[in-house]
Each structure stands twice: as C-alpha cells, then as structure tokens.
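Encoded as structure tokens, the structure appears first; notes follow it.
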Amino acid sequence: MDEAGHLLERTAELMRTVLERNELEPDDVISILLTATPDLRSAFPATAVRALGITDVPMMCAQEIDVAGAMPRVVRLMAHVETTRPRSQIRHVYLHGTSVLRDDIAEED
C-alpha cells in the first residue's frame, strides 16, 4: 500500500542508515538522487531527507523504469558524498528485504 507516512518513514530510515554505516555527517553530502517504483506516488522521497535537516544540497526524485516482475514499493537512494574512505569500504544499504536487488554487495539489515 502506498501511504505518505510510511514512505517518508522508510526513506528517512534509509538515509539515516546510509549516514550511520558509512560514518558520514549531513555536511558530507553533496547531492542525492532518489528513485521510487511507479507504485509509490503519495509523497516525494526527498521530503523525508529534508526533514532530517539535510536541506542545503540538491536532491532529485525520479521514477524507476516500470519493468514487469520488478520488486514493488522500492525507494532507492544514491548519495554523492565527500569521504576519505576507499570505495571498497563504502557500505551499501538495503533494508526490509531489498537485499535481493544486489545480494552481491548488500549487508544484512
């Protein structure tokens, strides 16, 4: 079911987890691209990120390609950040069963 409150809560959880697992601060964020599957239309995912206080960076919301059989109700987040971590130490975040999308790089919830 597509409900704005649920969408915003889960998107905020995703952003917080990305920051925590990668030991990042909001000031490290340069820009964010958020996508949602076509069945999510109740709110802009960027609204949840801005509610966390990340308000001074560009954000773009886009719709995922509507591919038959794709996992429904998924928000994806790609953050461009400043960090000294090598790419091999970046921790990618997949929550609530989405690890099947990239089980080669996903960590446990």
Hey, with R₀ at 22 Å, roughly what FRET efficiency would GLU9 and SER31 work out to, going by the Cβ-Cβ distance, to 0.05? 0.45
Where in segment 1-35 are there trypsin sites (Lys or Arg not before Pro) that are in a DSSP coil and have at most 11 other Cβ atoms within 10 angstrom of their Cβ? none
Can you give me the relative contact order of the chain as a percent, contacts being Cα pairs under 8 Å and 6 or more apart? 32 percent
Under 5 Å between amide H atoms, partner at least 5 residues away or on a different chain: which partners does HIS92 have, H built in plane at 1.01 Å? none
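Going by how many other Cβ atoms sit within 10 Å of their own, how do ILE65, ILE32 line up, fewest first? All intermediate terms of the calculation are to be shown ahead of the outcome.
Numbers: ILE65 9, ILE32 22.
Exposure proxy ranking, most exposed first: ILE65, ILE32.
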Using 1/(1 + (r/R0)^6) with R0 = 30 angstrom and r between the beta carbons of THR55 and ARG87, what's the FRET efficiency to the nearest 0.05? 0.65
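Please report LEU8, LEU95 as a ranked list, fewest other C-beta atoms within 10 angstrom at the top and most at the bottom.
Taking fewest neighbouring Cβ atoms as first place, the list is LEU95, LEU8.
Please order ASP39, ASP27 by the number of other Cβ within 10 Å, starting at the fewest.
The most exposed by this proxy come first: ASP27, ASP39.
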Checked against the positive end of the charge dipole of the chain (+1 on Cβ of Lys and Arg, -1 on Cβ of Asp and Glu, about the Cα centre), the farthest of HIS92, ALA46, CYS61 is CYS61
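Read-outs throughout are calculated quantities, based only on the coordinates presented, and are distinct from any laboratory measurement. These numbers come from a predicted model, not from an experiment. FYI the Cβ positions are ideal-geometry reconstructions off the backbone, even for glycines, and counts take in every protein chain you see.
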